[in-house]
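A.B. asks: Dropping a structure here in structure tokens format, bear with me for questions.
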Amino acid sequence: MFIDDSVRLLHMREAAREALFFVKNCTRNDLDNNRMLTLSVAKCAEVIRQRLELAKTVKMSYKTFLGHN
């Protein structure tokens, strides 16, 4: 299934918004002591990283296919 970069950007933006929602009114101490909060924010960061890696892979493959190394 082909996913457009604009969809990847949308997923990244949604994950960033969720992370901000989770940490709103939280302190560093909350992050250190609340495992669910920590895992939720980490999952959002993972989604962003995965989408970014996919976008890079697709772009690199496309450039290689066109001979633009």
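None of the figures in this text is laboratory data; all of them are computed from the coordinates on show. Computed from a prediction, not measured in an experiment: that's the story for all the values here. In this analysis, Cβ positions are derived from the backbone assuming ideal geometry, glycine residues included, and neighbour counts consider all displayed protein chains.
A.B. asks: Subtract the Cα-Cα distance of Arg17 and Glu53 from 0.36 nm times their separation in residues, and report this length gain in nm to one decimal.
C.D. replies: 11.0 nm
A.B. asks: Sticking with this structure for a sec: Once Lys and Arg get +1 and Asp and Glu get -1 on their Cβ, which of Leu10, Ile48, Leu31 lies farthest toward the positive end of the dipole of region 1-53?
C.D. replies: Leu31
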